[in-house]
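Read-outs: derived from the displayed coordinates by stated rules, not from any lab. On a predicted model such as this, the values are computed, not experimentally measured, just so you know. Virtual Cβ from ideal backbone geometry, glycine too; neighbours counted across all protein chains shown.
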Amino acid sequence: MDEELDHYPPVSAGPLGLATAGSLFFSPLSIISVPVSLYVSWPIFETAYREIRGKRKLKAELIDSFAVLVSLAGGYYFVTALSCCAYFAASKVLSKTRDHTGKTLINIFEEQPRHVWILRDDAEIEIRFDELSAGDIFIVNAGEVIPADGIVTEGAATVDQHMLTGESLPCEKTVGEQVFAATVVLAGRVYIQASCTGSATLAAQIGDILNNTAKFELSIQTRSEEVADKSVLPTLAAGALALATLGRSSSAAVICANFSEVNRLASPLAMLNFLGTASKNSILIKDGRALEAVNEIDTVVFDKTGTLTLNQFSLSGIYPADGMEEDELLKYAAAAEYKQTHPVARTILEAAEERNIVLPEPSDNSYEIGYGIKVEINGRSVLVGSNRFMDMQEIALTDTIRALQERSHEQGCSTVYVAVDHKLAGMLELRPKIRPEATEIIRKLRRRNLSVCILSGDQENPTRQLARQLGIDQYFAGVLPHEKSEIIEQLQQEGKKVCFIGDGINDSIALKKANVSISLSGASTAAIDTAQIILMDTTLVQLD
C-alpha cells in the first residue's frame, strides 16, 4: 500500500496533463490520456472489487470506479483524470494521519552489546552476543546491560529493572537470584548462568506478544472514510434515479459530483494542520485517529514508576542512632556512596550537598555482596546498605529503628542503613519523587469527570501510598506486563474508553491495547514505538 501511495500520485498527474492539453490545444492528446487513466484507476477498481467480494462491504471506491467508467464512456477525459488525481492525493494525505510504522515495535537486541564475556575453562573469553547460549556463565559489570535471563552464580550487584518490571527501587541480586535481559547493573559485578537467551528471554517474549497483538486502532476508520462509505448507497440510488428520469449525462453528473473525495481530502488536511500545531507545542501525534478517540475517553490509567513518579528519590527522613548527629550520619553515608551512580546514591549525595557537608575521602572501597558498601573513612569502618546487609554484617537494629522502618515501608518509602565501627549509626528514609505537575493534572482530569487509576508493577505499599497522595481511589499493584493489558481489556469490556500512559517495556502491551496510548520522551524504546502520542517535553503538563 505504501508503494502504491508513492507511485500513483505522480503518475496520475500524467493523464491530467494530457487531458488538459487535449481540451485546450490538441484533442488527440485527450484520447491518449484514456489508457493512462485506466492504468492509474486500477487500484481503485481492485479495492472496490475486493471489498465487495471478500468483505461484502460497499466502499467509496465503488462510486469512484463508476465515476471513472461513466466519465470515460461519456468522453469526460479531463474530469476522469482530475478525479484520479484527487483520489490519490486524498489517500496520500490520509496515510500521513495514521501510524504506518512497519518496523518491529520492540527489539531488545538492538540495545544489547555486540560481544559478551563468558567464563569457560576457568578463563574469561569474549564471544559474539548471538553465540551466547543457555548454560553459559557470562560476566556483567557495573553500567552494563544484562544480555540474557539467568541465575547469579557468583558475586552480587544492584540492578535497575524498573523499565521491565515497574519496580521503583534498584534490586539487590546475589547468588541464587534471578536476573533478566535488558536490565542494567548499576553497581557490583556478577557471574550469571544463562537460562534463556535471545527470543526466549522475558523481554523478548514481551516483544513477541506486542508484535503479534492485533492493534486496536486498526479497526478504527477515520471519520471522513466512514462518511464517504455511508454515502455509497445514496449516491448510487440518486444516479440510478437520474438515469431513469433524466438520462445518461445527468446520471454521470450525479455520480461524478459525489462529495466523497472532497470529504476524504478535507478531513485529513485539517488533521494534518492540527498535527503540525501539536508538534509546535512539543506533542508528537503518531496516529491522527487518536485525536478522534481522545474525545471518547472516560478512563485515564497511569503507570506509576517513571510516569507519575520520577526515576529519582528525595531524602524524606534522617534518623540517627547511638548519639550520632544528623549531618554526621549523612556525611558518612554520602562519603561511602561518593563513587556510585545509582538513584539512591545520587539522592544521598544531593542531600549532603544541600546541607553544605564537606565529604571526607574514603581510604578503601569494596562493594560487599550486593547489599551495601564497606569503606574506611578517617580510620573508621563505615557500612551503608539495606537491612539485609546489616543482618549479614551482624549489625543489630534497635527497636526504635525497626519501628521507623515499618512505618516507612507502610508509607511507600525505602530505607538505607549506616553503621560505624560495627555499630548502627542510623537510618535514612527515601521517598519516590512525585512529578511536580502530577497532583494538579490528576485534579484537572477528575474535574472533567474522568475516572483515574494507577496500574503498576511495583509493590502494594508504595503504590497505595502514591494513590493516596494523589487522591486516586483505584489502583492495581504488583501487576505483570501481560496482566496490565488484561486489566485494560477488562475495563474496555465494562464499556470504558481507556487512555493509558506509560513509559516502560512492561507497559508496551497495555499501550497497544488501550483506546488511546501516551508516552513521554525519554521512555523506553518499546513504549515510544508503541504509543500513539508522545509528550516531547518529558512532563505530564500537556495532558491538560
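Over 30 Å between Cα atoms, which of LYS280/LYS304; LYS55/LYS280; LYS59/LYS444; LYS92/LYS444; LYS304/LYS423 qualify?
The pairs that break the limit, which is 30 Å between Cα atoms, are LYS55/LYS280; LYS59/LYS444; LYS92/LYS444; LYS304/LYS423.
Full extension of the chain segment joining ARG56 with GLU350 gains 99.3 nm, where the gain is 0.36 nm per residue of separation less the Cα-Cα distance. A protection proxy built from the mean count of other Cβ atoms within 10 Å ranks the segments 245-251, 37-43, 318-324, most packed first, as 37-43, 318-324, 245-251.
Per-residue extension of 0.36 nm, minus the Cα-Cα distance of PHE26 and THR277, leaves a gain of 85.8 nm for this segment.
Distance between the 7 Å Cα→Cβ label points at LYS444 and ASP121: 6.5 nm. Near the amide H of HIS115, within less than 5 Å, lie the amide hydrogens of PHE129, all on another chain or at least 5 residues away, with H placed in the peptide plane.
With θ taken as phi - 60° and the Karplus curve 6.51 cos²θ - 1.76 cosθ + 1.60 applied, the whole-hertz 3J(HN,Hα) list for region 397-410 is 8, 6, 4, 4, 5, 5, 5, 5, 4, 4, 5, 4, 5, 5 Hz, x standing for glycine and proline. What the phi angles of region 501-506 give under the Karplus curve with 6.51, -1.76 and 1.60, with θ = phi - 60°, is a coupling list of 10, x, 9, x, 4, 5 Hz, glycine and proline written as x. Its Cα centre serving as origin, region 360-480 has a Cβ charge dipole (Lys and Arg +1, Asp and Glu -1) of approximately 940 debye. Cross-link reach is defined here as a Cα-Cα straight distance under 17 Å, omitting same-chain residues fewer than 8 places apart; for LYS497 the lysines meeting it are LYS215, LYS484, LYS512, LYS513. Overall, region 325-409 carries a charge dipole of about 220 debye about its Cα centre when +1 sits on the Cβ of Lys and Arg and -1 on the Cβ of Asp and Glu, all other atoms neutral.
Restricting the GluC sites (Glu not before Pro) of region 390-421 to loop positions (DSSP other than H, G, I, E, B) with no more than 14 neighbouring Cβ atoms within 10 Å leaves GLU394.
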